[in-house]
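First comes the structure, then the notes that go with it.
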Amino acid sequence: MIVRLIKYKQLNIIEKHSLDHDKRGYAIRLTKTGKELLNQLHSTLEQKLNHSLTEEDLAHVLSLSKP
């Protein structure tokens, strides 16, 4: 996991910030580049699912992601 985070940081996908309430920890946030990548991945996945699943299958998959 740490190796991936280091790589993502080098690729400017994430950034880490010290926590105000606990200097031992960090908050990991997506950068603008990371958010754009996430949006691209979401769009690609949605297109692939729309082409390969029936409407019932897609509704079931979407229902699984709701809390």
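Derivation of every value follows stated rules applied to the coordinates shown; laboratory data play no part. Bear in mind the structure is a predicted one, so any value in this text is a computation, not a measurement. Cβ sites come from the backbone with ideal geometry, for glycine too, and all protein chains shown count toward neighbours.
A few notes on this one:
- Contact order relative to length of the chain, as percent, for alpha carbon pairs under 8 angstrom and 6 or more apart: 20
- Loop-located trypsin sites (Lys or Arg not before Pro) in the chain, at most 10 other Cβ atoms within 10 Å (DSSP): K23, R24
- Whole-Hz ³J(HN,Hα) from phi, Karplus 6.51 cos²θ - 1.76 cosθ + 1.60, for segment 57-67, glycine and proline x: 4, 4, 4, 5, 4, 5, 5, 5, 8, 8, x
- Cα-projected label distance for K35 with N50, points at 7 Å along beta-carbon direction, nm: 2.3
- As a ratio to 2.2 N^0.38 Å, the alpha-carbon radius of gyration computed for the chain takes the value 1.54.
- Residues with amide H under 5 Å from that of I14, placed H, sequence gap 5 or more: K9, T31
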